[in-house]
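Some notes on the structure that comes next.
The values are calculated or read from the model by the stated rules, or taken from the named source; none is laboratory data. This is a predicted model, so every value here is computed, not measured. Ideal geometry is used to build each Cβ from the backbone, glycine not excepted, and the neighbour counts take in all protein chains shown.
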Amino acid sequence: MTNYYNKDFYKVLGVAHNASEEDIKLAYRKLVRLYHPDVSKSEDNISKFKEIQQAYEVLTDENQRKKYDILNGYYRESIKKEFQKKSDQNKNVYDEFIKKSQKASKEKDIFSKSINEALDNLFHTKKDNTIKDREEKVVINGEDINLDINLSCFEAANGTNRKVNILHTGPCPNCGGRKFINGSECPMCKGTGQVSLQKKINVKIPKGVTNGSKIRVKKEGNKGLNGGKDGDLYLIVKIDKDPYWDTEGLNILCNMPVTPAEAVLGTEIHINLMENNLSVKIPPMTSSGQKLRLSGMGLSNKSKTKKGDLIITVQIKLPDSLSEEEKALYSKLYKISNKNIRKDINHVK
Ligand SMILES: [Zn+2]
C-alpha cells in the first residue's frame with residue numbers, strides 16, 4: 001500500500017476539506033484534462049497525474065476518505081468530542097484508535113492491519129464502514145414531553161377529543177441520524193443527527209379531569225435513537241376561566257342564570273353533565289347568589305373513592321330584549337310593588 005499520509009489530497013485537487021463528492025469529481029475532471037499523459041509525457045506531468053489519480057481514488061471512496069480524514073486530523077476534533085459524550089467504552093475505543101494511528105504514522109504504514117482493525121472498532125463494523133455504525137451501540141431513550149392543554153371546565157368535566165400539535169425530536173431525515181454526509185457534517189441537523197419534527201395527534205380527554213391533571217399519551221414523546229424507547233407525551237390540564245363553569249377541588253361550580261320570573265315562581269332546569277341528565281329545581285322566591293348543592297354530582301378522585309358536589313349559584317339575569325307586553329307587565333309590577341328591599345342598606349354592619 002502506498003504511503004500517502006503526509007500528502008494533502010484536498011490541496012492536490014484544489015478543493016476544501018468539506019467538499020462534496022460532486023465537487024471532488026468536478027475538480028478531478030478539470031485536472032485530468034490538463035495533466036493527462038496524452039497532453040504531455042514529461043516526468044513532472046506524469047507524476048502530477050498519478051497524484052491526482054490517487055487523490056481522486058481515496059477521496060471518492062467513502063470509507064477510504066473517512067480513514068484519510070481521521071488520520072490527517074480533519075476529523076479528529078469533532079470525533080473526539082462526539083466520543084467524549086458517549087460511554088467510557090467508546091472513549092477507550094477512541095483512545096486505542098488514536099494510539100494506533102500515531103504509531104502507524106511513525107511507521108509510515110497507515111493502512112496496516114492494526115490500524116484497520118482500530119478503525120473498524122471505532123465504527124463498530126467490518127462489512128459496512130459507514131459512519132452511522134459508530135453510533136449503533138449507543139442506545140438513547142427518547143425524553144418525555146410535557147405540554148399544557150387548555151380546556152373549558154365543561155370539557156374537563158365531560159371529556160372531549162382534542163387535536164394536539166406536538167414538536168418532538170426524531171432522527172434527521174437528511175442524514176438518517178448518521179450526523180455526517182459524504183464525510184461532512186450534515187447541514188440539516190448540524191451534526192446532531194436529530195431534528196425537531198411537528199406532528200398532529202388526536203387525543204381523547206377523559207371526563208372528569210381536574211386543573212393540573214396529567215394525561216399520558218404513550219410513545220408520543222421524543223423518539224428514541226438506535227433502538228432506544230420513545231418517550232411519552234404528558235398533557236397537563238389547564239382549565240380556562242368560564243362565565244358559567246368552574247371547579248374547586250372535586251366540586252363543580254356553576255353560575256346559573258335565571259329570569260326574574262323564574263326566580264319568583266321557581267322552575268326546573270335540565271343540564272347535561274358527565275353523561276348525567278340532571279334536573280335542577282330552582283325553588284320559588286330564589287334570590288341571586290343563592291346556592292344549591294347537588295351532592296355527589298361533582299368530579300371523582302383518582303381512586304374513585306370520593307366524589308365532589310355540583311354547586312349551583314343562582315344569578316338573576318334579564319333577557320337581551322323584552323316584548324311590549326312584558327314591558328307593560330313590568331310597568332304594572334313597578335307601580336304596585338311597595339316592599340322596600342333597600343331599607344337596611346345604610347344600617348348593615
Ligand atoms: Zn442530519
(request) Could you list all residues from segment 323-349 that are surrounded by 10 or more Cβ atoms within 10 Å (Cβ to Cβ) and among the hydrophobic types (A, V, I, L, M, F, W, C)? (result) A328, L329, L333
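Answer yes or no as to whether F154 is aromatic (F, W, Y), within 16 Å of the ligand (Cβ to nearest atom) and at negative phi. If you could, list the steps in order and put the result at the bottom.
Numbers: aromatic (F, W, Y): yes; within 16 Å of the ligand (Cβ to nearest atom): no; at negative phi: yes.
Answer is no for this residue.
Limited to segment 253-275, what total is found for residues that are aliphatic (A, V, I, L, M) and at pLDDT below 90?
Narrowing segment 253-275 to residues aliphatic (A, V, I, L, M): 253, 256, 258, 261, 263-265, 269, 271, 273-274.
Now narrow it down to the ones that are at pLDDT below 90: 271, 273-274.
The number of residues fulfilling the criteria is 3.
Quickly run through segment 202-236 and pick out the residues that are among the charged types (D, E, K, R) and in contact with a Phe, Trp or Tyr (Cβ under 9 Å, 6 or more places away or on another chain).
Here is the first cut: in segment 202-236, the ones among the charged types (D, E, K, R) are 204, 207, 214, 216, 218-220, 223, 229-230, 232.
Those that are among the charged types (D, E, K, R) and in contact with a Phe, Trp or Tyr (Cβ under 9 Å, 6 or more places away or on another chain): K214, R216.
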(message) If T210 satisfies all but one of (1) touching a helix residue (DSSP H, G or I) at 6+ places or on another chain (Cβ under 8 Å); (2) under 30 Å from S20 (Cβ atoms); (3) not hydrophobic (A, V, I, L, M, F, W, C), what's the number of the condition it fails?
(response) (2)
(request) Tell me which of these T125 doesn't satisfy, since it passes every other one: (1) away from the ligand (no atom under 16 Å from the Cβ); (2) at pLDDT 55 or above; (3) not acidic (D, E). (result) (2)
(request) Name the residue, out of N202, N174, N182, that is of a type outside the set (A, V, I, L, M) and more than 16 Å from the ligand (Cβ to nearest atom). (result) N202
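Being more than 13 Å from the chain's Cα centre (by Cα), surrounded by 14 or more Cβ atoms within 10 Å (Cβ to Cβ) and within 15 Å of the ligand (Cβ to nearest atom): is that true of G191 here?
Details: more than 13 Å from the chain's Cα centre (by Cα): yes; surrounded by 14 or more Cβ atoms within 10 Å (Cβ to Cβ): yes; within 15 Å of the ligand (Cβ to nearest atom): yes.
Spelling it out, G191 is indeed more than 13 Å from the chain's Cα centre (by Cα), surrounded by 14 or more Cβ atoms within 10 Å (Cβ to Cβ) and within 15 Å of the ligand (Cβ to nearest atom).
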(request) Could you list all residues from segment 260-311 that are touching a residue at least 40 places away in the same chain (Cβ under 8 Å) and surrounded by 15 or more Cβ atoms within 10 Å (Cβ to Cβ)? (result) A263, L273, M274, M297, G298, L299, S300, K307, G308, D309, L310, I311
(request) Determine which member of the set K219, K163 is more than 16 Å from the ligand (Cβ to nearest atom), at positive phi and under 16 Å from the mean Cα position of the chain (by Cα). (result) K219
(message) Looking at segment 269-287, can you tell me whether even one residue there is under 40 Å from the mean Cα position of the chain (by Cα), of a type in the set (G, A, S) and in a loop (DSSP other than H, G, I, E, B)?
(response) no
(request) Evaluate segment 222-231: report whether one residue or more is in the same structural domain as K327 (by TED's automatic domain parsing) and buried (at least 19 other Cβ atoms within 10 Å of the Cβ). (result) no
(request) Could you figure out which of (1) modelled with pLDDT under 95; (2) farther than 19 Å from V209 by Cβ; (3) polar (S, T, N, Q) isn't true of N301? (result) (2)
